[in-house]
């Protein structure tokens, strides 16, 4: 006959083993789950070709890699079959006081606004918590053609862990963020001319 103490020990070990096995089967939260995109129909109807990607608007936090993020969004637009203007060209022709959308013959204007960029777990866990919006507006009318927004934690983990320098890690993280963000942007139909 099994004593009460033995039965208690067996029950305890059974419960511990169930929790241990359960922990082995947990899946990580997928990256990009909190990203939303709106107005897909409008951008598909307008089908802008040339897009001016304006400088990133931040809350003043100097730790935000604005230039790297902007370049990653620009490259992401290329991958979605749009033709962003060269950033240097946009910078030469865009000044806050005198710029008017369409002045550089672009069909649309892309604005990137970073509301928050929490890098407190970046050095130890390759984690960023980000709130940002990307908008594409018609250059002629100012009408919003597409908006993408995110407010979530990104766990980059092994995707950047093996990169040797901080610069490369930040670049790769921004590339992943831009790709995830623009995944909600419809591919441009290259057979359609702009505005048709």
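The values are calculated or read from the model by the stated rules, or taken from the named source; none is laboratory data. What you are looking at is a predicted structure, and each value in this text was computed from that prediction instead of being measured. Quick reminder, even Gly has a Cβ in these numbers, built from the backbone with ideal geometry, and neighbours come from all protein chains shown.
For the range 72-79, the condition of being surrounded by fewer than 16 Cβ atoms within 10 Å (Cβ to Cβ) and over 13 Å from the mean Cα position of the chain (by Cα) holds for at least one residue.
Look at residue 104 and say whether it is in contact (Cβ under 8 Å) with a residue 24 or more places away in the chain, in a loop (DSSP other than H, G, I, E, B) and either at negative phi or out of contact with any strand residue (DSSP E or B) (no Cβ under 7 Å at 6 or more places or on another chain) (or both).
Answer is yes for this residue.
Taken as a whole, the range 92-100 holds at least one residue that is assigned to a helix (DSSP H, G or I) and either without any contact (Cβ under 8 Å) to a residue 60 or more places away in the chain or surrounded by 13 or more Cβ atoms within 10 Å (Cβ to Cβ) (or both). In the set (1) part of a loop (DSSP other than H, G, I, E, B); (2) modelled with pLDDT under 90; (3) in contact with a strand residue (DSSP E or B) (Cβ under 9 Å, 6 or more places away or on another chain); (4) loosely packed, with under 14 Cβ neighbours inside 10 Å, residue 89 fails one condition alone, (1).
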